[in-house]
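Enquirer: Let me begin by handing over the structure; questions about it come next.
The values are calculated or read from the model by the stated rules, or taken from the named source; none is laboratory data. Being a predicted model, the structure only gives us computed values, none of them experimental. Here the Cβ positions follow ideal geometry from the backbone for every residue, glycine too, while neighbour counts run over all protein chains shown.
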């Protein structure tokens, strides 16, 4: 008997199955031990890091996570997973059929964030623990992409275009979340057709070397009269040797040797086929043979056929020098409308370097850079930009009513958490620019509803109690984290704020409010002030000195 194999893409995963094993296996321990299994707790999902050492992070991924949370349910599949681990049936039934019943406070997609709280969960303790890995996994990936695109957008000229072309290299299935995250942070288009159609993002494509090779091969199939020194040709154009040799193997009667001029005619023929297919708004690849030769041939065909809205793509060589030469040649030929699109391993810091060298590129294509940790220098590269900080972690902080507060203690002070229901105030200067954040515990600190400090606020640098600052009364602020999920639903009035275009517009507004000195991509950025409200810092300090994991607020 043959068993038909299961197609893995047809495996419907419950949202509640999207979790780490230690969340699932500790569930029965918590349910067994608690006097009230449904007692509410609070966890803070924070962006960990030292604001004196890391730069900003652009948040992305929350729109889909909050919708996914609506589908979270301890369904039969999850119950069977627990049974597989030998969990008692009475414990399973305590959770069976339950949806996520808690509250979620979160920043918006597109927010420019520094270390501190990003999301806060209130709910039954076993539930708020369970959903952690779903959020941290997706937010790390999406925020990494969004931050790098924001960096790239910052170094580009205002009218330049950024194309996200990472599908073949992205780290998520289908690449759609990479595309959406990049678009939120400033990409003008994507090469991912599915993402374009799903999220109404402009999508486009460009000719690659494969297509050029196929077209040029097709040209030579009808040319049996070429008989020139092959060795010298291959010496000049080694990249085409495999294509030509394969053709000759299948056509032993043809003694074909191709010189440079024949090859260039094949390239021009290929360009004509491209323009015939797309008479408007497309791109010619110019480095199939040699970028200088490609530019000359492209100019010849573009001048001949006069297509509208065309560009040329340079994928190798000295992009700065080639682009400057190409721009001069195009302008001299009356093709000022033709844009130049550099590509090939671009990153924010390489684009900045190219622009500093007067590179004439106007369309920039980003692929490998948007991979996870793709900001690290490639082999042989001398330019290095700081690693994006996406160290999102979720830590238990006590009971939701504030009576009990808890913190994690670690031998590494950077990993110590803060107790209580965390939020942050972002303070604004007269021009609306960001001047710093202060982390507060809502169990201790009443946040003024009008967005203006009623009395002065004292804050300390995290893990540096001696380093403090006083913010005067009357200073304006806003609260990035707001209630977005309650009663098992993504709140309807909040959903429009997380839609793709709204998130893109919000990010553009927020990144412009960040001082330029905090946006430099070479690691020389200034320190953005993130402090901890003084009483919270002191409580954290005292608890850590006493090794008190748990604290009871008698006044709560």
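Enquirer: What's the total number of residues in region 162-192 that are outside any loop (DSSP other than H, G, I, E, B) and either modelled with pLDDT of 95 or more or surrounded by 19 or more Cβ atoms within 10 Å (Cβ to Cβ) (or both)?
Expert: Residues meeting the conditions: 15.
Enquirer: Quick one: in region 348-361, of everything that is closer than 16 Å to residue 317 by Cα and in contact (Cβ under 8 Å) with a residue 40 or more places away in the chain, which residue is farthest from the chain's Cα centre (by Cα)? It would help to see each step written out before you state the result.
Expert: Restricting attention to region 348-361, the residues satisfying the condition of being closer than 16 Å to residue 317 by Cα are 350-351, 353-355, 357-361.
Filter once more, keeping what is in contact (Cβ under 8 Å) with a residue 40 or more places away in the chain: 351, 355, 359, 361.
Working: 351: 18, 355: 23, 359: 26, 361: 24 Å.
It comes out as 359.
Enquirer: From the list 554, 542, exactly one residue is under 30 Å from residue 399 (Cα atoms), free of Cβ contacts under 8 Å to residues at least 40 places away in the same chain and assigned to a loop (DSSP other than H, G, I, E, B). Which is it?
Expert: So the residue among 554, 542 that is under 30 Å from residue 399 (Cα atoms), free of Cβ contacts under 8 Å to residues at least 40 places away in the same chain and assigned to a loop (DSSP other than H, G, I, E, B) is 554.
Enquirer: Moving on. Is there a residue in region 266-284 that is over 30 Å from residue 161 (Cα atoms), in contact with a helix residue (DSSP H, G or I) (Cβ under 8 Å, 6 or more places away or on another chain), at pLDDT 90 or above and part of a helix (DSSP H, G or I)? Give the derivation first.
Expert: Of the residues in region 266-284, the ones over 30 Å from residue 161 (Cα atoms) are 266.
Still in the list and also in contact with a helix residue (DSSP H, G or I) (Cβ under 8 Å, 6 or more places away or on another chain): 266.
Filter once more, keeping what is at pLDDT 90 or above: 266.
Filter again for part of a helix (DSSP H, G or I), leaving 266.
Within region 266-284, one or more residues are over 30 Å from residue 161 (Cα atoms), in contact with a helix residue (DSSP H, G or I) (Cβ under 8 Å, 6 or more places away or on another chain), at pLDDT 90 or above and part of a helix (DSSP H, G or I).
Enquirer: Quick one: would you say residue 110 is closer than 30 Å to residue 460 by Cα, surrounded by 17 or more Cβ atoms within 10 Å (Cβ to Cβ) and more than 29 Å from the chain's Cα centre (by Cα)? Outline the logic, then answer.
Expert: Details: closer than 30 Å to residue 460 by Cα: yes; surrounded by 17 or more Cβ atoms within 10 Å (Cβ to Cβ): yes; more than 29 Å from the chain's Cα centre (by Cα): no.
Criteria not met by residue 110.
Enquirer: Another one. Being within 23 Å of residue 446 (Cα to Cα) and surrounded by fewer than 14 Cβ atoms within 10 Å (Cβ to Cβ) is the filter here; which residues of region 479-496 pass it?
Expert: 483, the sole residue that qualifies.
Enquirer: Quick check on my filter: what residues within region 303-338 are under 21 Å from residue 279 (Cα atoms), assigned to a helix (DSSP H, G or I) and in contact with a helix residue (DSSP H, G or I) (Cβ under 9 Å, 6 or more places away or on another chain)?
Expert: Within region 303-338, 304, 305, 330 qualify.
Enquirer: Could you list, in sequence order, the residues of region 128-145 that are closer than 15 Å to residue 40 by Cα and surrounded by fewer than 24 Cβ atoms within 10 Å (Cβ to Cβ)?
Expert: The answer is 129, and nothing else.
Enquirer: Would you say residue 348 is buried (at least 21 other Cβ atoms within 10 Å of the Cβ) and touching a strand residue (DSSP E or B) at 6+ places or on another chain (Cβ under 7 Å)?
Expert: no
Enquirer: How many residues are surrounded by fewer than 20 Cβ atoms within 10 Å (Cβ to Cβ), touching a residue at least 60 places away in the same chain (Cβ under 8 Å) and assigned to a helix (DSSP H, G or I) if we restrict to region 57-84?
Expert: 6
Enquirer: Can you tell me which residue among 13, 87, 54 is at pLDDT below 90, surrounded by fewer than 16 Cβ atoms within 10 Å (Cβ to Cβ) and not in a helix (DSSP H, G or I)?
Expert: Selected residue: 13, the only one of 13, 87, 54 that is at pLDDT below 90, surrounded by fewer than 16 Cβ atoms within 10 Å (Cβ to Cβ) and not in a helix (DSSP H, G or I).
Enquirer: I've got another one for you. For residue 520, all conditions in the list (1) assigned to a helix (DSSP H, G or I); (2) more than 25 Å from residue 43 (Cβ to Cβ) hold save one; what is the number of the exception?
Expert: Evaluating residue 520 over (1) assigned to a helix (DSSP H, G or I); (2) more than 25 Å from residue 43 (Cβ to Cβ) leaves (1) as the failure.
Enquirer: Considering every residue within region 448-455, establish whether at least one is surrounded by fewer than 18 Cβ atoms within 10 Å (Cβ to Cβ), on the phi < 0 side of the Ramachandran plot and in contact with a strand residue (DSSP E or B) (Cβ under 7 Å, 6 or more places away or on another chain).
Expert: Yes, some residue in region 448-455 is surrounded by fewer than 18 Cβ atoms within 10 Å (Cβ to Cβ), on the phi < 0 side of the Ramachandran plot and in contact with a strand residue (DSSP E or B) (Cβ under 7 Å, 6 or more places away or on another chain).
Enquirer: Would you say residue 509 is part of a helix (DSSP H, G or I) and either in the same structural domain as residue 109 (by TED's automatic domain parsing) or free of Cβ contacts under 8 Å to residues at least 12 places away in the same chain (or both)?
Expert: Yes: the conditions hold for residue 509.
Residues checked against (1) surrounded by fewer than 15 Cβ atoms within 10 Å (Cβ to Cβ); (2) touching a strand residue (DSSP E or B) at 6+ places or on another chain (Cβ under 9 Å):
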site: 282; (1), (2): no, yes
site: 285; (1), (2): no, yes
site: 308; (1), (2): yes, yes
site: 317; (1), (2): no, no
site: 322; (1), (2): no, yes
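Enquirer: In region 140-161, what residues are in a helix (DSSP H, G or I) and more than 21 Å from residue 525 (Cα to Cα)?
Expert: Scanning region 140-161 gives 140, 141, 142.
Enquirer: State whether one or more residues within region 471-478 are more than 12 Å from residue 427 (Cα to Cα), modelled with pLDDT of 90 or more and either assigned to a strand (DSSP E or B) or in the same structural domain as residue 116 (by TED's automatic domain parsing) (or both).
Expert: So far as region 471-478 goes, no, none of its residues is more than 12 Å from residue 427 (Cα to Cα), modelled with pLDDT of 90 or more and either assigned to a strand (DSSP E or B) or in the same structural domain as residue 116 (by TED's automatic domain parsing) (or both).
Enquirer: Scan region 119-139 for residues that are free of Cβ contacts under 8 Å to residues at least 60 places away in the same chain and not in a helix (DSSP H, G or I) and report the count.
Expert: 0
Enquirer: Listed residues 121, 135; which is in contact with a strand residue (DSSP E or B) (Cβ under 8 Å, 6 or more places away or on another chain) and more than 30 Å from residue 203 (Cα to Cα)?
Expert: On the way: 135 fails: more than 30 Å from residue 203 (Cα to Cα).
Step by step, each of 121, 135 is checked, and only 121 is in contact with a strand residue (DSSP E or B) (Cβ under 8 Å, 6 or more places away or on another chain) and more than 30 Å from residue 203 (Cα to Cα).
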